[in-house]
Structures are given as structure tokens and as C-alpha cells.
Amino acid sequence: MRSFRLVVLTLGLGLASTPALSQQGGWSTDIATHGSWTAYRAQTPTGRQLCGIRVVGAEGRTLHLKHFAGDRHVTFQAFKSSWTIPQGTRLRLSLRVDNNAPWTTGGAVGQRNFVEWTVAGGIERFEVQFRNGTRLFLEFPEGSEGPWVVSLTGSAAAMGRMVECMNAVRQGTGDAPRGGPTQPFGDAPRQAPPTQPFTPGVPQKPVMPNTRSGDSPIRHAI
């Protein structure tokens, strides 16, 4: 089994000249589902290839791990359909597998209904924990969003498929795919506003996500 870290480093060094797939434009196709996780291959509207895995939870929550062609890091994206994050909002978050030491960052960037951050250092340690762990915890200490508890059932097999996808992208193989509600009566109970992963009203300095010009995240199950 080839190391996820080694593939990331290899792709980062050698993917600039990788042939593009024959079909242009954005697309996404699932490769396989293992337990809670689904591996997929995709292409942004600008033609940039990526491989990823995702898990879908309740209330419109989706967590992605992605590797974009040419990067030497892994990109995480957390989506929730009820989030309304001002573009360029910086926020802190914490990511932990079981009882291991957490990864914390103050460099996550949010916009609309998703938050994005990257992991470059410690990829090998994360891979071991992710493949062998039971649960993943994602926390947003600055917002009203509660902690996410994500099952890692099937994570080892799903990451294996992601590594295979990354190798296929590097080699230029594979084919592109074909193909608070209102109420009509008085005294209706008032609903609490949707939780958010940031603190509303705090002035933010706009910061664009760390993606290449013209690229946009490919969303799943939102």
C-alpha cells in the first residue's frame, strides 16, 4: 500500500504536465463507498483535477478531504446548508481523531455555506490516525455551531481509493464521466437562528480561500 503522504509529495512535484482528461468543464464521479465514506474523482470548471473522500451527516453537513492536482497539501472543506458565512471570514477550528492531539488552525477561511483549510505538515501522522481511528471531532470554538462527531467506519478503504485516484491523475489515466420556515397562523413558535461556525458582527478582513484563480469547490450532497 503506497503512503498517502508520498503520493501527495510526488503529485506536488510532478503534476504540472499531467494530461487533462478529454472532457472539459466541471464534473464529479463517485468511485466507491466504504462504510461512512465515499471516494470520488472530479474536475473543476477550469480543468483542474482533484481526488477526494466525503462523509455526509445530518442537517446538511458534509465533510470533504481533497487533493487538488499540483498541491503539496490536503484541503479540508466543511459544508452545512444553513450556514451564511460572509466571504473571506477567518475562523479558528480544531480537528481531532479519537483521543489524539488535535490539529488547530486560525487560518480557516469561510464563505457562503462552507469553511476551507489545509494540512501540509503532519500528513503522515494524520493518515495513520484517520485510517485506524473510530471517530473524528471537528469543533468551531468561535461560533455557535456545535462540535461535529464523524464516524471513521470505512475510512481506511476510502483513503486507499483516494490514493489510487491520485496515482491515476498523476499518470493521466481514467475517463471523464458521461453524463426558519414561516407559518400561516398566529402565535407560531419562534425558531432559533441556524448555528454558525463564526461570530456574527465581528469585523473581518476579507481573505480569499487558498485555491487557484477561477477554481471553485465542487459540492456534494448539499
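Here are the numbers for the structure shown:
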| read-out | value |
| --- | --- |
| Test result for Thr211, surrounded by fewer than 12 Cβ atoms within 10 Å (Cβ to Cβ), at pLDDT below 85 and under 18 Å from Cys51 (Cα atoms) | no |
| Residue selected from segment 74-94 under the condition outside any strand (DSSP E or B) and surrounded by fewer than 16 Cβ atoms within 10 Å (Cβ to Cβ), by the criterion nearest to the chain's Cα centre (by Cα) | Ser81 |
| Some residue of segment 159-169 being assigned to a loop (DSSP other than H, G, I, E, B), of a type in the set (A, V, I, L, M, F, W, C) and either modelled with pLDDT under 85 or touching a Cys at 6+ places or on another chain (Cβ under 6 Å) (or both) | no |
| When residues of segment 95-145 are limited to those that are assigned to a strand (DSSP E or B) and among the charged types (D, E, K, R), the one farthest from Glu59 (Cα to Cα) | Arg96 |
| Of all residues in segment 115-150 being in contact with a helix residue (DSSP H, G or I) (Cβ under 8 Å, 6 or more places away or on another chain) and of a type in the set (A, V, I, L, M), the one that is nearest to Val55 (Cα to Cα) | Leu136 |
| Pairs, first under 13 Å from Thr153 (Cα atoms) in segment 33-44, second surrounded by fewer than 23 Cβ atoms within 10 Å (Cβ to Cβ) and of a type in the set (Ser, Thr, Tyr), C-beta under 6 Å, six or more apart | Gly35/Thr153; Ser36/Ser151; Ser36/Thr153 |
| Identity of the residue in segment 117-146, buried (at least 17 other Cβ atoms within 10 Å of the Cβ) and among the small types (Gly, Ala, Ser), that ends up modelled with the highest pLDDT | Gly133 |
| Residue match in segment 18-32 (condition: out of contact with any Lys or Arg (no Cβ under 9 Å at 6 or more places or on another chain) and modelled with pLDDT of 95 or more) | no |
| When residues of segment 61-72 are limited to those that are touching a helix residue (DSSP H, G or I) at 6+ places or on another chain (Cβ under 7 Å) and surrounded by fewer than 20 Cβ atoms within 10 Å (Cβ to Cβ), the one nearest to Asp30 (Cα to Cα) | Gly70 |
| Pairs where the first residue, in segment 122-150, is of a type in the set (S, T, N, Q) and the second is not in a helix (DSSP H, G or I), C-beta under 7 Å, 6+ apart | Gln129/Val97; Gln129/Asn100; Thr134/Asp98; Thr134/Leu152; Ser144/Thr195; Ser144/Gln196 |
| Given (1) at pLDDT below 95; (2) over 30 Å from Ala192 (Cβ atoms); (3) among the β-branched types (Val, Ile, Thr), number of the condition Ile53 does not satisfy | (1) |
| Single unsatisfied condition, Ala58 versus (1) of a type in the set (A, V, I, L, M); (2) more than 17 Å from Met166 (Cβ to Cβ); (3) surrounded by 15 or more Cβ atoms within 10 Å (Cβ to Cβ) | (3) |
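The values are calculated or read from the model by the stated rules, or taken from the named source; none is laboratory data. As the structure is a computational prediction, the values presented were derived from the model and not from experiment. Don't worry about glycine lacking a Cβ; one is built from the backbone with ideal geometry, like all the others, and counts go over all protein chains shown.
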